[in-house]
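The structure appears right after this line, and notes come after that.
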Amino acid sequence: MGRESIFSCPVDVMCEWKPPIYEDKSKDDEDFLRATMKEHMLFQELSDEVMGTLVRACQRIQHDANDEIVRQNTRGEYLFIVQEGKLESHCEKNQN
């Protein structure tokens, strides 16, 4: 069995995190975000209060066609939820 990469963060660091608040979402946007997140296993067990915190911390960004959103082998810092449009992924072969 090969070695696996596991990423973690100490709980005390998480407790100090102050989520941003973006109040520019419509009720439909909030409903969309809640419904979409509840479909993913990472968010299914969250309380309504925590889910609300995450929804308020979501920021709308818009990109043009052919914009690069994420680059392979770079550290990811965001979760993306696509409301309109589509994303394509391109992965280089033989990456460790």
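Measure off, as a whole percent, the carbon and sulfur share of the 1.4 Å-probe accessible area of the stretch 18-96, all protein chains present.
The computed percentage sits at 46.
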Give me the distance in nm between label points sitting 7 Å out from Cα along the Cα-to-Cβ direction at ILE69 and ILE21, one decimal. 2.8 nm
Between LEU42 and ARG56, 0.36 nm times their residue separation minus their Cα-Cα distance comes to what? 3.3 nm
Taking square-rooted eigenvalues a ≥ b ≥ c of the alpha carbon gyration tensor, is the stretch 18-59 rounded, prolate or oblate, where a/c under 1.5 means rounded and, failing that, a/b exceeding b/c means prolate? oblate
Among the lysines, which fall within straight-line cross-link reach of LYS38, defined as a Cα-Cα distance under 21 Å, with same-chain neighbours fewer than 8 residues apart omitted? LYS25, LYS27, LYS86
Amide H proximity to TYR22 below 5 Å, modelled H, separation 5+ or other chain, gives ALA57, CYS58
Output ³J(HN,Hα) for the stretch 46-58: one whole-Hz value per residue in order, computed from phi by the Karplus curve 6.51 cos²θ - 1.76 cosθ + 1.60 with θ = phi - 60°, and x for Gly and Pro. 6, 5, 4, 5, 5, 4, x, 4, 5, 4, 5, 7, 6
Give me the extension gain from ASN94 to PHE32: residue separation times 0.36 nm, minus the current Cα-Cα distance, reported in nm with one decimal. 18.6 nm
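The values are calculated or read from the model by the stated rules, or taken from the named source; none is laboratory data. What you see is a predicted model, and the numbers here were worked out from it, not measured in a lab. No Cβ is skipped: glycine too gets one built from the backbone with ideal geometry, and neighbour counts run over all protein chains shown. Surface areas here come from the heavy atoms of the whole protein model, side chains and all, with no ligands, DNA or RNA. Shrake-Rupley method; radii C 1.70, N 1.55, O 1.52, S 1.80 Å.
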